[in-house]
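Student: Sharing a structure with you now.
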Amino acid sequence: MDKQRTHSFFVHAQLPHGMFTRSGGVSGPPFASLNLSYGVGDSPENVAANRQRLKEHLGIKHLASAVQVHGDRIFVAEDVRHDVEYEGADALVTDQRGVGLLIQQADCQAVLFHDPVREVIGAAHNGWKGSVLNIIAATVRLMRERYGCNPADLRAVISPSLGPCCAEFVNWRQELPASMHRHQVRENHFDFWAVSREQLLAAGIQAAQIETVGICTVCNRDFFSYRRAVREQGRPGRTGRCGSVIALPSEQS
């Protein structure tokens, strides 16, 4: 696994993190090759091997992930002594070193957070339902309440994900609240990168400390895409899940 298969954006040099493409793993089609989800039909052995490659690449001990359900439940990953996957959550926070927080995605956003003052990290799985529920605000709030984080200290990055070019919602009047309607960029298409940036700002994060990767996972075949799979297969898409990971280094530098 080389640097061409990851995207890194946090300035903090000692912060292990990456937004991984679909390349560099062991899975076969339609999960070729770095599928990181146990829930899409790939063999558990392949997924375990792919996750091990992530840990080795980032130099971390364990991964904490969740069975994501497009809700706003957040788990605190604490006393993690082995890889763990929590049931029914869409965001994770921790101050434990050497533990990577993994978000699995195939068009949904991963929003990664770092507080360099309190040394706390967070990761949120943020599809359109997460945007409606504002899981971003909920994650920032938990970081503040649990660890004393000041939102003004936080850094955040929005991963490769569904871009405004491909974010078509024909039932948007029923699915999206009125506050999101101004982010319509053309008929039935919405800019959810802008929605997330607006929610990050509203949560108290400074504009200069927010990054958006700006890569659409439907357009870019380096990434798994559920929408692309539906379009090409003509039925519910069968595809893998990419991963975005953030961790605190195992040892204090």
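Student: Does V157 qualify as being buried (at least 17 other Cβ atoms within 10 Å of the Cβ) and either in contact (Cβ under 8 Å) with a residue 24 or more places away in the chain or among the aliphatic types (A, V, I, L, M) (or both)?
Tutor: Details: buried (at least 17 other Cβ atoms within 10 Å of the Cβ): yes; either in contact (Cβ under 8 Å) with a residue 24 or more places away in the chain or among the aliphatic types (A, V, I, L, M) (or both): yes.
Judged against the criteria, V157 is a match.
Conditions (1) over 24 Å from P249 (Cα atoms); (2) surrounded by 19 or more Cβ atoms within 10 Å (Cβ to Cβ); (3) of a type outside the set (F, W, Y), marked per residue:
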| site | (1), (2), (3) |
| --- | --- |
| L34 | no, yes, yes |
| S43 | yes, no, yes |
| N46 | yes, yes, yes |
| R53 | no, no, yes |
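Student: A further question follows. Failed condition for V218, given (1) touching a strand residue (DSSP E or B) at 6+ places or on another chain (Cβ under 8 Å); (2) among the β-branched types (V, I, T); (3) buried (at least 18 other Cβ atoms within 10 Å of the Cβ), with all others met?
Tutor: With respect to (1) touching a strand residue (DSSP E or B) at 6+ places or on another chain (Cβ under 8 Å); (2) among the β-branched types (V, I, T); (3) buried (at least 18 other Cβ atoms within 10 Å of the Cβ), V218 is out only on (1).
Student: Here is a list: P177, P160, P164. Which entry is of a type outside the set (A, V, I, L, M) and under 17 Å from the mean Cα position of the chain (by Cα)?
Tutor: Checking each option against the conditions leaves just P160.
Student: Could you check the stretch 187-236 and list, in sequence order, the residues that are over 18 Å from the mean Cα position of the chain (by Cα) and either in a strand (DSSP E or B) or within 13 Å of Q109 (Cβ to Cβ) (or both)?
Tutor: H189, F190 - these are the residues of the stretch 187-236 that are over 18 Å from the mean Cα position of the chain (by Cα) and either in a strand (DSSP E or B) or within 13 Å of Q109 (Cβ to Cβ) (or both).
Student: Residue by residue through the stretch 59-75, note down the ones that are surrounded by 20 or more Cβ atoms within 10 Å (Cβ to Cβ) and not in a strand (DSSP E or B).
Tutor: Hits for the stretch 59-75 are I60, Q68, D72.
Residue-by-condition table, conditions (1) charged (D, E, K, R); (2) under 23 Å from R146 (Cα atoms); (3) at pLDDT 95 or above:
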site: T6; (1), (2), (3): no, no, no
site: V26; (1), (2), (3): no, no, yes
site: S65; (1), (2), (3): no, yes, yes
site: D79; (1), (2), (3): yes, yes, yes
site: D90; (1), (2), (3): yes, yes, yes
site: D95; (1), (2), (3): yes, yes, yes
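Student: Identify, please: which residue in the stretch 82-119 is without any contact (Cβ under 8 Å) to a residue 60 or more places away in the chain and β-branched (V, I, T) and is, among those, surrounded by the fewest Cβ atoms within 10 Å (Cβ to Cβ)?
Tutor: V117
Student: Let me ask something additional. So, in the stretch 160-186, of the ones that are among the hydrophobic types (A, V, I, L, M, F, W, C) and buried (at least 24 other Cβ atoms within 10 Å of the Cβ), which residue ends up farthest from E211 (Cα to Cα)?
Tutor: A167
Student: Filter the stretch 30-51 down to residues that are under 16 Å from the mean Cα position of the chain (by Cα), in a helix (DSSP H, G or I) and among the small types (G, A, S), then give me how many there are.
Tutor: 0
Student: Another one. Across the stretch 187-200, what is the total count of residues that are surrounded by fewer than 16 Cβ atoms within 10 Å (Cβ to Cβ) and touching a strand residue (DSSP E or B) at 6+ places or on another chain (Cβ under 7 Å)?
Tutor: Residues in the stretch 187-200 being surrounded by fewer than 16 Cβ atoms within 10 Å (Cβ to Cβ) and touching a strand residue (DSSP E or B) at 6+ places or on another chain (Cβ under 7 Å): 1 in total.
Student: Taking the stretch 76-130, which residues are assigned to a loop (DSSP other than H, G, I, E, B) and not charged (D, E, K, R)?
Tutor: Taking the stretch 76-130 and keeping what is assigned to a loop (DSSP other than H, G, I, E, B), we get 77-83, 87-90, 95-96, 98, 106-108, 116-119, 127.
Residues satisfying the conditions are A77, V80, H82, G88, A89, Q96, G98, A106, C108, P116, V117, G127.
Student: In the stretch 109-159, which residues are basic (K, R) and closer than 20 Å to S179 by Cα?
Tutor: Of everything in the stretch 109-159, just one residue is basic (K, R) and closer than 20 Å to S179 by Cα, namely K129.
The values are calculated or read from the model by the stated rules, or taken from the named source; none is laboratory data. All values derive from a computational prediction rather than experimental measurement. Positions of Cβ are backbone-derived with ideal geometry, glycine not excepted, and every protein chain shown enters the neighbour counts.
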